[in-house]
Amino acid sequence: QDLKEELQKHKEVNWSAVMRKALQEHLTRIRIAEAIASKSKLTQKDVDEISKMINHNVAKKLKLK
């Protein structure tokens with residue numbers, strides 16, 4: 001509801017065009033990620049291990065661990 005009210009305050013903006021452009025940009029990023037992933041030789045296990053290491057290092061850097 002708050003979003004709807006905020007959008008209605010700015011009737012000068014073509015929200016449909018804004019959303020269309022945002023969706024197109026997001027789809028482009030998805031296509032790029034899919035293209036990269038399709039060429040990857042990593043297994044799901046590899047991805048899980050890398051993710052775990054990244055999460056651990058981020059937590060360490062942020063002093064959450």
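The values are calculated or read from the model by the stated rules, or taken from the named source; none is laboratory data. What you see is a predicted model; the values in this text were computed from it and never measured. Here the Cβ is made from the backbone with ideal geometry for all residues, glycine too, and neighbour counts use every protein chain on show. These area figures cover heavy atoms from the full protein model, side chains too; ligands, DNA and RNA do not enter into them. Shrake-Rupley method; radii C 1.70, N 1.55, O 1.52, S 1.80 Å.
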Considering only residues that are open to solvent by less than 90 Å² (accessible area, probe 1.4 Å) and charged (D, E, K, R), which ones fall in the range 37-64? ASP46, ASP48
Quick check on GLU34: is it open to solvent by less than 100 Å² (accessible area, probe 1.4 Å) and charged (D, E, K, R)? no
Given the criterion without any contact (Cβ under 8 Å) to a residue 60 or more places away in the chain, of a type in the set (A, V, I, L, M) and part of a loop (DSSP other than H, G, I, E, B), identify the matching residue among LEU23, LEU42. LEU42
Taking the condition part of a helix (DSSP H, G or I) and within 17 Å of the chain's Cα centre (by Cα), does ALA17 pass? no
